[in-house]
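S.K.: Structure in structure tokens, see below.
The values are calculated or read from the model by the stated rules, or taken from the named source; none is laboratory data. Bear in mind that the values here come from a model prediction, so they are computed numbers and not experimental data. With ideal geometry, Cβ positions are generated from the backbone for all residues, glycine too; neighbour counts draw on all protein chains shown.
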């Protein structure tokens with residue numbers, strides 16, 4: 001792999017929010033940080049898929065993406081010569097988060113308990129109910145539990161679960177919960193993951209790492225070097241030998 005000082009490698013990553021902490025830890029580590037300049041964007045699942053499709057259709061740079069298996073297959077079917085699934089990161093559970101300093105009781109152990117707890121909240125912080133996988137699941141569960149916005153004192157929506165978790169810090173002193181995936185609580189010292197949705201409403205979402213080639217056919221030397229590095233990075237992110245570390249970050 002060769003490059004010049006005037007043209008450093010640049011890798012562009014588009015990822016669902018569930019993989020944010022793992023990607024940021026990896027590209028900032030000494031073994032990877034000096035190999036390229038990394039541009040990473042994190043968004044809800046459908047927004048991420050839309051961004052990658054836009055990059056491919058407009059010839060914009062994109063080298064790695066993290067999606068669910070279904071959305072990865074859809075991307076691969078649309079761009080069969082440019083998209084390759086490299087492996088799985090594991091599964092992230094959708095669940096509930098409170099302030100680490102909050103000593104109040106929030107019972108989410110059964111559907112009935114969860115229904116009562118949500119009714120008693122002063123604020124419910126949620127990921128996008130249309131674009132994010134966790135948000136769509138939450139919307140479906142609220143409907144199954146017979147809860148409408150009229151049953152809630154206040155509900156605030158955010159692009160993803162990570163932003164909802166961050167916003168918990170603005171609501172100290174009231175009864176507040178955020179809905180997020182288990183991996184989206186990592187690195188937030190102010191937050192504490194309570195646990196997943198109770199059965200039968202539990203949701204565990206698998207995420208996969210996908211390599212994206214900028215165009216089909218032979219690549220220019222710079223593009224070839226970037227794709228080769230992206231492949232190495234993607235294989236590292238989903239390396240089975242690093243499963244224990246990913247478990248510590250909330251992946252099942």
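S.K.: Look at residue 11 and say whether it is surrounded by 17 or more Cβ atoms within 10 Å (Cβ to Cβ), part of a helix (DSSP H, G or I) and in contact with a strand residue (DSSP E or B) (Cβ under 8 Å, 6 or more places away or on another chain).
M.R.: On the way: surrounded by 17 or more Cβ atoms within 10 Å (Cβ to Cβ): yes; part of a helix (DSSP H, G or I): no; in contact with a strand residue (DSSP E or B) (Cβ under 8 Å, 6 or more places away or on another chain): yes.
Spelling it out, it is not the case that residue 11 is surrounded by 17 or more Cβ atoms within 10 Å (Cβ to Cβ), part of a helix (DSSP H, G or I) and in contact with a strand residue (DSSP E or B) (Cβ under 8 Å, 6 or more places away or on another chain).
S.K.: Search region 186-209 for residues that are at positive phi and pair each with any residue that is part of a strand (DSSP E or B) when their beta-carbon atoms are under 7 Å apart and the residues are at least 6 apart or on different chains.
M.R.: If the second residue must be part of a strand (DSSP E or B), the pairs left are 195/95; 195/96.
S.K.: Okay, next question. If a residue must be under 22 Å from residue 184 (Cβ atoms) and in contact (Cβ under 8 Å) with a residue 40 or more places away in the chain, how many such residues does region 67-85 contain? Explain how you work it out, then say what you get.
M.R.: Taking region 67-85 as the starting set, the residues that turn out to be under 22 Å from residue 184 (Cβ atoms) are 67-72.
Pick out the ones that are also in contact (Cβ under 8 Å) with a residue 40 or more places away in the chain and you get 67-69, 72.
The qualifying residues number 4.
S.K.: Oh, and also: Does region 216-238 contain any residue that is buried (at least 16 other Cβ atoms within 10 Å of the Cβ), out of contact with any strand residue (DSSP E or B) (no Cβ under 9 Å at 6 or more places or on another chain) and not in a helix (DSSP H, G or I)?
M.R.: Within region 216-238, none of the residues are buried (at least 16 other Cβ atoms within 10 Å of the Cβ), out of contact with any strand residue (DSSP E or B) (no Cβ under 9 Å at 6 or more places or on another chain) and not in a helix (DSSP H, G or I).
S.K.: Would you confirm whether any residue within region 49-64 is assigned by TED's automatic domain parsing to the domain that holds residue 242, closer than 26 Å to residue 177 by Cα and part of a helix (DSSP H, G or I)? Walk me through it before giving the result.
M.R.: Step one: filter region 49-64 for residues assigned by TED's automatic domain parsing to the domain that holds residue 242, giving 49-64.
Still in the running and closer than 26 Å to residue 177 by Cα: none.
Checking region 49-64: not a single residue is assigned by TED's automatic domain parsing to the domain that holds residue 242, closer than 26 Å to residue 177 by Cα and part of a helix (DSSP H, G or I).
S.K.: Only one of (1) in the same structural domain as residue 107 (by TED's automatic domain parsing); (2) part of a loop (DSSP other than H, G, I, E, B) is not met by residue 184, so which one is it?
M.R.: Result: residue 184 passes all but (2).
S.K.: Next question, about the same structure. In the set 102, 81, which member is part of a loop (DSSP other than H, G, I, E, B) and either buried (at least 17 other Cβ atoms within 10 Å of the Cβ) or in contact with a strand residue (DSSP E or B) (Cβ under 7 Å, 6 or more places away or on another chain) (or both)? If you could, list the steps in order and put the result at the bottom.
M.R.: Values: 81 fails: either buried (at least 17 other Cβ atoms within 10 Å of the Cβ) or in contact with a strand residue (DSSP E or B) (Cβ under 7 Å, 6 or more places away or on another chain) (or both).
Answer to the check: 102.
S.K.: Do you know which of the residues in region 153-173 that are touching a helix residue (DSSP H, G or I) at 6+ places or on another chain (Cβ under 7 Å) and in contact (Cβ under 8 Å) with a residue 60 or more places away in the chain is farthest from residue 96 (Cα to Cα)?
M.R.: That would be 160.
S.K.: Counting only residues that are at pLDDT 90 or above, at negative phi and touching a helix residue (DSSP H, G or I) at 6+ places or on another chain (Cβ under 9 Å), which one in region 137-152 is surrounded by the fewest Cβ atoms within 10 Å (Cβ to Cβ)?
M.R.: We begin by selecting, within region 137-152, every residue at pLDDT 90 or above; these are 137-147, 152.
If we keep only those that are at negative phi too, we end up with 137-145, 147, 152.
Going one step further and asking which of them are touching a helix residue (DSSP H, G or I) at 6+ places or on another chain (Cβ under 9 Å), we end up with 141-142, 144-145, 147, 152.
Numbers: 141: 22, 142: 23, 144: 12, 145: 17, 147: 16, 152: 16.
In this case the residue turns out to be 144.
S.K.: Could we say that residue 219 is assigned by TED's automatic domain parsing to the domain that holds residue 75 and within 21 Å of residue 31 (Cα to Cα) here? Break it down into steps so the answer makes sense when it comes.
M.R.: Working: assigned by TED's automatic domain parsing to the domain that holds residue 75: yes; within 21 Å of residue 31 (Cα to Cα): no.
When the stated conditions are applied, residue 219 does not pass them.
S.K.: Residues in region 176-186: is at least one more than 27 Å from residue 25 (Cβ to Cβ), in contact with a helix residue (DSSP H, G or I) (Cβ under 7 Å, 6 or more places away or on another chain) and at pLDDT 90 or above?
M.R.: In the first step, residues of region 176-186 are kept if they are more than 27 Å from residue 25 (Cβ to Cβ); the result is 176.
After this cut, where a residue has to be in contact with a helix residue (DSSP H, G or I) (Cβ under 7 Å, 6 or more places away or on another chain) as well, the list is 176.
Next cut, at pLDDT 90 or above only: 176.
Yes, region 176-186 has at least one match.
S.K.: Specify the residue that is surrounded by the fewest Cβ atoms within 10 Å (Cβ to Cβ); the eligible residues are those in region 33-48 that are in contact (Cβ under 8 Å) with a residue 60 or more places away in the chain and assigned to a helix (DSSP H, G or I). Before the answer, list the steps.
M.R.: Initial filter on region 33-48 (in contact (Cβ under 8 Å) with a residue 60 or more places away in the chain): 35-36, 42-47.
If we keep only those that are assigned to a helix (DSSP H, G or I) as well, we get 45-47.
Numbers: 45: 27, 46: 18, 47: 20.
Among them, the one singled out is 46.
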